[in-house]
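Everything below concerns the one structure shown next.
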Amino acid sequence: MYNIEHIRNDFPILSRQVYGRPLVYLDNGATTQKPRCVVEAMVGEYYNVNANVHRGVHFLSQQATDLHEQGRETVRHFINARSTAEVLFTRGTTESINLLAFCFGEAFIGEGDEIVVSAMEHHSNIVPWQMVCERKGARLRVVPMTDGGELLLEDYGRLLNDRTKIVCCTHVSNVLGTVNPVKEIVRMAHDRGIPVLIDGAQSTPHFAVDMQDLDCDFFAFSGHKIYGPTGIGVLYGKEAWLEKLPPYQGGGEMIKKVTFEHTTYNELPYKFEAGTPDYVAVHGLAVALDYVSALGMENIYAHEQELTRYAALQMGEIEGMKIYGPHHDAVISFQVGNIHHLDMGTLLDRLGIAVRTGHHCAEPLMHRLGIEGTVRASFALYNTKEEVDALVDGIKRVMRMF
Ligand code: 7TS
């Protein structure tokens, strides 16, 4: 069923070498590699179908539009949204959150209001909200976490009050691998009528997500982290909320009627999609989602869980190893003795092992942990136990150098 050899053959880059050694790619939290089918679908569209969408009467434009809207339907199905009106295309998680922060801020946030984020957010789920706070005179409140990297739900409950306008929380921490109890977080906010945004950048690649089950009001994710192309992402929003928000950018496509005196806006989802969309990337994303769906998200999850547990076990036996967070998901952040994370990352790289080092765009989380950074190995559907062994051997080799 889950034939790792076959799967790896779908990803041409995995068979390349770096510094004369086989590539061990363990930086999947930053971006994933692309299967051949995704790249070929995009090349095929450029070669055979290319035309601007939604505006031509001609054959190619209609075909490109069909592909584009089929892509939206593929996303809708993948996240189990109620309607394609709820699926907005953006450039990625970052743009999705900026879009929401701007539009929601304009409509609903005023002086003295509060926005709740968590202690383990990526900068892209902090800074856009800070910008709203600055513009509107609102205030950011932060849900604290334990030393072990789990959110404190009682403290969260106490933060919610009549001034709270929105709760923004990551589904999975890109540093700690914590899978947050987002259904509970949503339920507690909804008890007070507060909407919730979930940052799904690090959850969508690893397990199935279901908008109707999560019941969140907004959800953001990136195509490039789920084997799709760069430059494309999604903002899901419940239709009732999206209807209430003003548009983001003005331009073509997002309008119904324009005169110099007055403009009326298009219906959902087009109201939020000004200008020519990256329709080729949408097609690529749809092919990527079909690819992971054919493998089965539950099989991907099982494979990655096994790898993560195996890695944590092997790494745990290394003297001086400190692993940060509960690594529920396919992410292990670590630090060995007093070897600087950058040294560790650079020397592992020389062995062909790609990991990420630094603050992982989560500086407030680093402050909370009292560290500057970590080394992070993050796994994907194509990684193997042999690659984990290579990582563990690599770490031991680096230690011997110090
Ligand atoms: N939210 C989370 C939880 C993330 O991990 C990232 C990217 C983003 C948002 C932003 O996504 P983008 O596609 O818009 O850039 N995280 C990482 C990472 O962990 N290493 O590189 C990028």
Looking at V167, V209, V172, V186, which is the one that is buried (at least 24 other Cβ atoms within 10 Å of the Cβ), closer than 24 Å to H77 by Cα and not basic (K, R)?
-> V172
F102: modelled with pLDDT of 95 or more, within 16 Å of the ligand (Cβ to nearest atom), touching a helix residue (DSSP H, G or I) at 6+ places or on another chain (Cβ under 8 Å) and among the hydrophobic types (A, V, I, L, M, F, W, C), yes or no?
-> yes
Could you pull out the residue among V127, V117 that is within 15 Å of the ligand (Cβ to nearest atom), under 21 Å from S173 (Cβ atoms) and out of contact with any helix residue (DSSP H, G or I) (no Cβ under 8 Å at 6 or more places or on another chain)?
-> V127
Would you check if G29 is within 16 Å of the ligand (Cβ to nearest atom) and either closer than 23 Å to I226 by Cβ or at pLDDT below 95 (or both)?
-> yes
Return the pairs, sorted by first residue and then second, in which the second residue is more than 12 Å from the ligand (Cβ to nearest atom) and among the basic types (K, R), the first residue lies in segment 361-383 and is under 28 Å from I300 (Cα atoms), the beta carbons are less than 8 Å apart, and the residues are 6+ apart or on different chains.
-> Y382/R8
How do the pairs read when you match residues in segment 168-182 that are outside any strand (DSSP E or B) with residues anywhere that are among the charged types (D, E, K, R) and within 7 Å of the ligand (Cβ to nearest atom), using Cβ under 9 Å and keeping only pairs 6 or more apart or on different chains?
-> H171/D199
Could you tell me whether Q249 is at pLDDT 95 or above, away from the ligand (no atom under 16 Å from the Cβ) and under 14 Å from S96 (Cβ atoms)?
-> yes
Return yes or no: is F221 of a type in the set (F, W, Y) and without any contact (Cβ under 8 Å) to a residue 12 or more places away in the chain?
-> no
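One line per residue, one yes/no per condition, for (1) of a type in the set (A, V, I, L, M); (2) crowded, with 17+ Cβ neighbours inside 10 Å; (3) under 17 Å from H54 (Cβ atoms); (4) out of contact with any Pro (no Cβ under 6 Å at 6 or more places or on another chain):
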{"position": "S222", "(1), (2), (3), (4)": "no, yes, no, yes"}
{"position": "P246", "(1), (2), (3), (4)": "no, no, no, yes"}
{"position": "G251", "(1), (2), (3), (4)": "no, no, yes, yes"}
{"position": "I255", "(1), (2), (3), (4)": "yes, no, yes, yes"}
{"position": "F260", "(1), (2), (3), (4)": "no, no, no, yes"}
{"position": "L268", "(1), (2), (3), (4)": "yes, yes, yes, yes"}
Note on segment 376-402: residues in contact with a Lys or Arg (Cβ under 8 Å, 6 or more places away or on another chain) and of a type in the set (D, E, K, R) are R376
Among the residues of segment 1-22, which ones are surrounded by 17 or more Cβ atoms within 10 Å (Cβ to Cβ) and either at pLDDT below 95 or assigned to a loop (DSSP other than H, G, I, E, B) (or both)?
-> D10, F11
When (1) surrounded by fewer than 18 Cβ atoms within 10 Å (Cβ to Cβ); (2) under 19 Å from the mean Cα position of the chain (by Cα) are applied to N338, the one that fails is (2)
By residue number, the members of segment 98-131 that are under 22 Å from N180 (Cβ atoms) and free of Cβ contacts under 8 Å to residues at least 40 places away in the same chain are N98, A101, V127, P128, W129, Q130
Taking Y236 as meeting all but one of (1) away from the ligand (no atom under 13 Å from the Cβ); (2) under 16 Å from E86 (Cβ atoms); (3) out of contact with any Cys (no Cβ under 7 Å at 6 or more places or on another chain); (4) assigned to a loop (DSSP other than H, G, I, E, B), write down the number of the exception.
-> (4)
If you go through segment 306-321 one residue at a time, how many are within 26 Å of the chain's Cα centre (by Cα) and either more than 26 Å from M366 (Cβ to Cβ) or loosely packed, with under 13 Cβ neighbours inside 10 Å (or both)?
-> 3
From the options R135, R76, residue that is charged (D, E, K, R), surrounded by fewer than 19 Cβ atoms within 10 Å (Cβ to Cβ) and either in the same structural domain as L289 (by TED's automatic domain parsing) or more than 20 Å from the chain's Cα centre (by Cα) (or both) | R135
Tell me, which residue of segment 48-71 that is part of a loop (DSSP other than H, G, I, E, B) and aliphatic (A, V, I, L, M) is surrounded by the fewest Cβ atoms within 10 Å (Cβ to Cβ)?
-> V57
Within the set of pairs 6+ apart or on separate chains, which have a first residue in segment 10-36 that is within 14 Å of E387 (Cα to Cα) and among the small types (G, A, S), a second that is part of a loop (DSSP other than H, G, I, E, B) and within 16 Å of the ligand (Cβ to nearest atom), and C-beta atoms under 6 Å apart?
-> none
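The values are calculated or read from the model by the stated rules, or taken from the named source; none is laboratory data. Model, not experiment: these values are computed from the prediction. Cβ: placed from backbone, ideal geometry, glycine included. Neighbour counts: every protein chain shown.
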